[in-house]
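The values are calculated or read from the model by the stated rules, or taken from the named source; none is laboratory data. Note that this is a predicted model, so its numbers are computed, not measured. Note that we place each Cβ from the backbone using ideal geometry, even for glycine, and neighbour counts take in every protein chain shown. Only protein heavy atoms, including side chains, enter the accessible area calculation; ligands, DNA and RNA are left aside. Shrake-Rupley method; radii C 1.70, N 1.55, O 1.52, S 1.80 Å.
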Amino acid sequence: MVPVLSVVHPRCGGVRRPFRRPVPAVPALRPSVVSTLPSAQVAAHPRTYSTRALGTDTQGYASGPTRSAAALVTIASVSVLPLVFTSGWASGINAYAVVLLLGVFGATGVTDEVPASLQRTDVLVAAAVLFLCEAVADKIPYVDSLWDSVHTVIRPVAGAVVAALLAGESGSLPELAAGAVGGSTALMSHLVKAGTRMAVNTSPEPFSNIAVSTAEDLGVAGIITFAIFHPLAAAVVAAVLLLLGLVILVFLASRIRRFLRRRAQRREEKRLAGTRTHWPPG
């Protein structure tokens, strides 16, 4: 209800004229801005982020959050999902680079979506040292495959932990669901990387390993940086790369099996030929 005050104006001959106090207008928020707000901020300020602020409520907003405010919480919770998916894909390729990049971006103030646990100095130092170790081991033939076999468990676990931390920082998306998305995506991308390296190791020269490893490191750095500013577009790129990697892995796996069968047949033929040559005359 608009408050009404009785005011006696001298030029009106003492007649009481109603005076309506102006109600300050509530600025309307763009849906694109509201959808990215954390749920804790929406719940703490229901009068600001209610449906009245969006120009759809005509009954006032003194009773607390409305249905639209709850819908905004849901939209805000989904907004962290693309970053969770992208970080999971990148963790399956180089988990230490993901932790290092996210920690640096959070510590330098580039983004506020990185949890404080990833910005700690000891975490950044450990991630940098392990990243350097992987950068060296990943470029040596057959050593990279051994490194990948050891990280079959480490990379999916790292992807799940990073995803859960990102979801916990947003305060809306369930950490268990985020961990499942990040861990499963990291496992699939790790299998693609490990299978590709097995195919590359069939080549006798080491330059292909160096080229593939460098491309992987640059790809992880680029897509994580892109995800900080454009999470949805980066998630689409990561999904396309994951799908292409699975298709290429199937193709390379058939070629590797065919190559191993032919090599085994040649070895068997040589062994039989040697046995017939040294067979004593009857």
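Check whether at least one residue in segment 187-205 is small (Gly, Ala, Ser), surrounded by 17 or more Cβ atoms within 10 Å (Cβ to Cβ) and over 21 Å from Ser87 (Cβ atoms), and report yes or no. Spell out the reasoning first.
Taking segment 187-205 as the starting set, the residues that turn out to be small (Gly, Ala, Ser) are 189, 194-195, 199, 203.
Add one more test, that the residue is surrounded by 17 or more Cβ atoms within 10 Å (Cβ to Cβ), and what stays is 189, 194-195, 199.
If we keep only those that are over 21 Å from Ser87 (Cβ atoms) as well, we get 195, 199.
Yes, because at least one residue in segment 187-205 is small (Gly, Ala, Ser), surrounded by 17 or more Cβ atoms within 10 Å (Cβ to Cβ) and over 21 Å from Ser87 (Cβ atoms).
Looking at this structure, is Gly88 in contact (Cβ under 8 Å) with a residue 12 or more places away in the chain, in contact with a Leu (Cβ under 7 Å, 6 or more places away or on another chain) and assigned to a helix (DSSP H, G or I)?
When the stated conditions are applied, Gly88 does not pass them.
Give just the number: which of (1) more than 19 Å from Leu101 (Cβ to Cβ); (2) at pLDDT 95 or above does Phe226 not satisfy?
Going through the list (1) more than 19 Å from Leu101 (Cβ to Cβ); (2) at pLDDT 95 or above, Phe226 breaks only (1).
Thr121: surrounded by fewer than 16 Cβ atoms within 10 Å (Cβ to Cβ), touching a residue at least 40 places away in the same chain (Cβ under 8 Å) and farther than 18 Å from Ala215 by Cα, yes or no?
Judged against the criteria, Thr121 is not a match.
Here's the yes/no breakdown for (1) charged (D, E, K, R); (2) in a helix (DSSP H, G or I); (3) surrounded by fewer than 19 Cβ atoms within 10 Å (Cβ to Cβ); (4) within 19 Å of the chain's Cα centre (by Cα):
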site	(1), (2), (3), (4)
Gly109	no, no, yes, yes
Asp112	yes, no, yes, yes
Ala135	no, yes, yes, no
Leu146	no, yes, yes, no
Ser149	no, yes, yes, no
Leu166	no, yes, no, yes
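Here is a list of conditions, (1) open to solvent by 40 Å² or more (accessible area, probe 1.4 Å); (2) closer than 21 Å to Tyr96 by Cα, and Gly245 meets all of them except one; can you say which number that is?
(1)
Matching residues to (1) loosely packed, with under 11 Cβ neighbours inside 10 Å; (2) assigned to a helix (DSSP H, G or I); (3) modelled with pLDDT of 95 or more:
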{"position": "Leu173", "(1), (2), (3)": "no, no, no"}
{"position": "Ala180", "(1), (2), (3)": "no, yes, no"}
{"position": "Ala239", "(1), (2), (3)": "no, yes, yes"}
{"position": "Arg262", "(1), (2), (3)": "yes, yes, no"}
{"position": "Leu272", "(1), (2), (3)": "yes, yes, no"}
{"position": "Trp279", "(1), (2), (3)": "yes, no, no"}
